[in-house]
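Reading through the structure tokens given below for one structure.
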Amino acid sequence: MTDDALLRIETAEGSRQVRLGDYLSLAEIEQADRDAIAWIKRVRVAEVAGRPLREQLTYRGESLWWFVEIYLHRMRVIETLHRAVTATENLFRTERPRSVTLVEGDPIARSVIEQGARRHGAAWHGASCGAWFHARRFGYTLAKGALLLVQALVSHVRIGCRPPVRPAGTVAVAAFVHTAFWRSTADREAYVGPVLRELVACVPPERLVFVGLGPRTVFRARTMASQLRNWKGTIPDVQSIEAYAGLGATRGALRYGASSVRVCRQLWQSADLRRAAVIGGYRLWPFIRHELAGVACLQLPWSVRVMDEIAAALDRVQPRVALTYAEAGGWGRALVVEARRRGIPVCGIQHGFIHRHWMNYLHEPDEMAPAFGMPGFPRPDLTLLFDRFAMEHLVTRGAFPSSSLDIMGNPRLDELAAAAREQTDQTRLATREHLGVDSRARVVLLATKYRERAHAALLALFEAVRSMPGVHLVVRCHPAETPDPYLALARGAPTISVAPSHVDLVSSLAVSDLVVTVNSTVALEAMALGIPALALNLPNYLSPLVEAGVMYGAEATGQVEAVLQVALADDASRVEFRARQQAFMAKYDMLPSGTAANRAVRAILTLADSTGR
């Protein structure tokens, strides 16, 4: 990682090693994220071969820009470049080194710090990224693009029987789900599982089709038996998207793949894109050039293939409405593009917290409007949201028409609230015993994913709890991590423990007096269940809630203990805070209603009935 670059600097005080990321504040990291998004958004009007990029890259009368921006944001190279430039400038202004030696670091760090040394008159010791390095990267990208095309062909060849063509209007709803995750949507803590289960219960099997998108496996495998238990008696027939499309659905991708070098050349020859590659005075064209190669060789052929596969599926199924919970990503955008071409309405379902810097939901008004003889941004006809907080964000920052948005409630929160009501004094006592917590202790639940950048804040939290009598810290590990980093921070303290994996979230929340996190949505769920939350390492995605005064927050490590004491104080301030929190959540329809899944299904079926198909 660029932030982890290790340098040896020579200053007037002597020689020492420093880490590049230490010269970035959390506010500067967030600013780099915003600057990267702004950079990507500006690229859409860059002139390429005499036309704006949004107009130049097209397929069947649709702009492919909507897929290009996703690729540039997902790869995070633009953000990394902005962070590297800011950190390097801070390093040279703060330390004023006479010389800099790169001990360890990636090519971006190497290039940016070398330029920084020249700009600030310091000696540079380290290898440069030569032309051969960038040529090899381009060769790798070409090879990867070719491999993806071969894989696409194989995935279509191995499909046996194909679903029959359905008469128009036979299928009420076609739900497009990720193949690798569709069974896990029945898990208790899944966002869309309750909606899909309600849909299965309300719609006759012959009028409901599930189409699987993407790969068939996930990084964390689940057993078939556990998934069969979750969907017992109601497992829908899910067929992969390839089953609906023959080899003909790969022709467009093959054509785009064959022309990828030509498209690369067009992008590379753009004077606007070359000028955009100068960030903060640093010339970063080699890295921007490689991202553009990825656009041409990887993203565009993939996008065209997905559009063609979805087109074939829609033609075979001919649903009255198409449903997706991935409307903001590449698959979802392709679905909207092809559905609106056929007059099929699309309903999108919110499936997680829409944070303020999620670029997939950030749009300018001109993006929503038609341009260059092509439709505007492919948004669903109806997007079902958890609450008014998300709705306001999409209207003000995403340029969504308010008429295209509706509030269904939060299905996951409804299920958590229902499970919380089943908790008794006996179950809470049993949970405390499983967690190793004294029956009289106040419980602070830490729910976050360990990140090195949050180490200082977490250390401050652990030290504060260690010094507070009658307070026990319980760590709920992220499923993808081990408890080792937390045990290292705990240093054997008896009032700090790691929750066993068999203790579920609801049981943990039921005995908690405060939830602490960095960016986890568990904080929002805790708030709705009447448990205050504390966000560390601000600013981050939870900052708007801290600024609204409905979540505690700590920007600096020195604030953690004081804020923790305030959050745990059993006095009038806590009552006042809870009242303010309740009023805020009521204002934005964020409280559990118990009807979210039912409201969502009613809205989906109403949209289907409105088509007249």
| note | region 407-437 and region 562-593 have their Cα centres apart by a whole-number Å value of 19 Å
| note | Cross-link reach from Lys587 to aspartates and glutamates, straight Cα distance under 17 Å and at least 8 residues apart if same chain, gives Asp387, Glu392, Asp406, Glu525, Glu547, Glu576
| request: Show which aspartates and glutamates lie in cross-link reach of Lys41 when reach means a straight Cα distance below 16 angstrom and same-chain residues fewer than eight apart are skipped. | output: Asp33, Glu55, Glu69, Glu79, Asp272, Glu291, Glu364, Asp366, Glu367
| What is the distance in Å between the Cα centres of region 481-543 and region 58-83? | 34 Å
| field | Net charge dipole size for the chain [Lys, Arg +1 and Asp, Glu -1 on Cβ; Debye, nearest 20] | value | 1940 debye
| message | Using only DSSP helix segments of four residues or longer, with each worth -39500 (n - 2.57), what per-residue ellipticity at 222 nm results for the chain after dividing by its residue count and rounding to 500? | response | -14000 deg cm²/dmol
| message | Among 52-59, 378-385, how do they line up by average Cβ neighbours within 10 Å per residue, starting with the highest? | response | 378-385, 52-59
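What FRET efficiency comes out for Asp484 versus Asp315 if R0 is 56 angstrom and r is the Cβ-Cβ distance? Round to the nearest 0.05. Spell out each step's value before the answer.
Details: r = 52 Å, r/R0 = 0.92.
Taking R0 as 56 Å, the efficiency between Asp484 and Asp315 is 0.60.
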| What is the Rg over Rh value, at two decimals, for the chain, using alpha-carbon atoms and the Kirkwood definition of Rh? | 0.98
| query | What's the exposure ranking of Glu555, Glu327, going from fewest to most Cβ atoms within 10 Å? | reply | Glu555, Glu327
| note | When Phe372, Phe584, Phe210, Phe386 are ranked with the fewest other C-beta atoms within 10 Å first, the list becomes Phe372, Phe584, Phe210, Phe386
| Residues in region 451-479 that a label on Ala562 would reach, taking backbone N under 20 Å of a point 7 Å out along Cα→Cβ | 456-469
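How much length would be gained if the chain were fully extended between Arg76 and Val45, taking 0.36 nm per residue of separation minus their Cα-Cα distance, in nm to one decimal? Let's see the in-between values first.
Working: separation 31, 0.36 × 31 = 11.16 nm, distance 2.04 nm.
Gain in length upon complete extension: 9.1 nm.
If we count other beta carbons within 10 Å of each Cβ, what is the order of Asp35, Asp504, fewest first?
Asp504, Asp35
None of the figures in this text is laboratory data; all of them are computed from the coordinates on show. Since the structure is predicted, the reported quantities are computational estimates derived from the model, not experimental observations. Glycine also receives a Cβ, built like all others from the backbone with ideal geometry; neighbour counts cover every protein chain displayed.
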